[in-house]
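Accompanying notes for the structure given below.
Nothing in this text is a laboratory measurement; each read-out follows from the coordinates by a stated rule. Computed from a predicted structure; not experimentally measured. Note: ideal-geometry Cβ built from the backbone for every residue, glycine included; neighbour counts use all protein chains shown.
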Amino acid sequence: MTATQDAPRDYQALRTAIAGRAGDLPRRLAQVAAYALEFPDEIAFGTVASIAASAEVQPSALVRFSHALGYQGFSELQEVFRSRLRERVLNYDERLAQLRDHGIAGSKSGLVLDGFLEASERSIASFREKLDHAAIDRAVDVLAGAEIIYLIGLRRSFPIASYLSYAMGKLGVRSILVDGVAGMGSEQASFITPKDAALAISFAPYASETVALTGAARTRGAKIVTITDSLMSPIAAPADVMIEVAEANFEGFRSLATTMAVAMTLAVAVAGRRSER
């Protein structure tokens, strides 16, 4: 058996494929799918025998699972899981060490700037290729129809949420920035009603506060628009509209260029839509 052209070649695409197929797989293969999503490191480094034992299936189930996703065999599937570890998010000490190893940190600032500019360019080019115009339009529809837009984006996403608060204020769009100051995020979100919408922003590793607040907004009946990096993101499932943005990085530091462009688009488009009414 040869692999099909549709077999996912990167980890995020593989996760999406597994999630999309899980409900249609036979029971044992669905068991493998659930194990793979929960324990990706084990899939990356384990043997067929050890993984099968941990997943409580026969080794042949791993091969059948691989074939079901379009791979020639389990080793080909396993390589995609290993690629995830090579591309994993580095912590800040590791990122700075990587910069030093390349002779960049502290000096040659022009090279650093060039690296970040190149990452931003790659992010924008990639987004253009995969841009879902319909999703942008649906997001504008949801936000323009809301009485109040609650802006949820903490940690790395906070600059985007705070910009949206500023821009919407200037454009006359009623919004509330859920900033969590003094640990009051849940109290801020407690005023959300079914007439409102929440715009939530988060990327791996996902801010737990953003995930919780997005869930709270969903529970309170608000429409949800999310900007995130994967269909498997914890803020993707509760969303009425998801805009997928996968930012490129330079030495482990990820760009926000595309996310900011999307935020600016939403703010201006929502204001424009409201002015048409």
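In table form, for the structure just shown:
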{"read-out": "Contact order normalised by residue count of region 131-276, Cα under 8 Å, 6+ apart, percent", "value": "27"}
{"read-out": "Under the Karplus curve 6.51 cos²θ - 1.76 cosθ + 1.60, θ = phi - 60°, whole-Hz ³J(HN,Hα) for region 182-197, x wherever Gly or Pro sits", "value": "6, x, 9, x, 5, 5, 4, 6, 5, 8, 5, 10, x, 7, 9, 9"}
{"read-out": "Computed [θ] at 222 nm, deg cm²/dmol, the chain (DSSP H ≥ 4; -39,500 (n - 2.57); rounded to nearest 500)", "value": "-17500 deg cm²/dmol"}
{"read-out": "Cut-off under 5 Å, modelled amide H: who pairs with D229 long-range", "value": "A204, V245"}
{"read-out": "Sum of side-chain charges, A222 neighbourhood, beta-carbon under 11 Å (Lys, Arg +1; Asp, Glu -1)", "value": "+1"}
{"read-out": "Percent RCO, i.e. relative contact order, over region 118-176, from Cα pairs under 8 Å lying at least 6 residues apart", "value": "28"}
{"read-out": "Cβ-placed point charges (K, R +1; D, E -1), dipole of region 11-86 about Cα centre in debye, nearest 20", "value": "140"}
{"read-out": "Computed over the chain: relative contact order in percent, which uses C-alpha pairs under 8 Å that are six or more apart", "value": "18"}
{"read-out": "Principal-axis tilt of helix 74-86 within the chain, Cα atoms, nearest 10 degrees", "value": "40"}
{"read-out": "Descending Cα extents along the principal axes, region 131-276, whole Å", "value": "42, 34, 27"}
{"read-out": "Cα-Cα P(r), the chain, percent of pairs per 10 Å interval", "value": "6, 25, 28, 25, 14, 3, 0"}
{"read-out": "Around A144: net Lys/Arg minus Asp/Glu count, Cβ-Cβ under 12 Å", "value": "+2"}
{"read-out": "Once exposed loop GluC sites (Glu not before Pro) are cut out (DSSP; at most 14 other Cβ, 10 Å), longest piece of the chain", "value": "148-277"}
{"read-out": "Three semi-axes of the equivalent ellipsoid, region 11-86, Cα gyration tensor, whole Å, largest first", "value": "16, 15, 11"}
{"read-out": "Dipole magnitude of region 201-277, debye to nearest 20 (Cβ charges: Lys/Arg +1, Asp/Glu -1, about Cα centre)", "value": "460"}
{"read-out": "Dipole moment magnitude, nearest 20 debye, the chain about Cα centre, only Lys, Arg, Asp, Glu C-beta charged", "value": "460"}
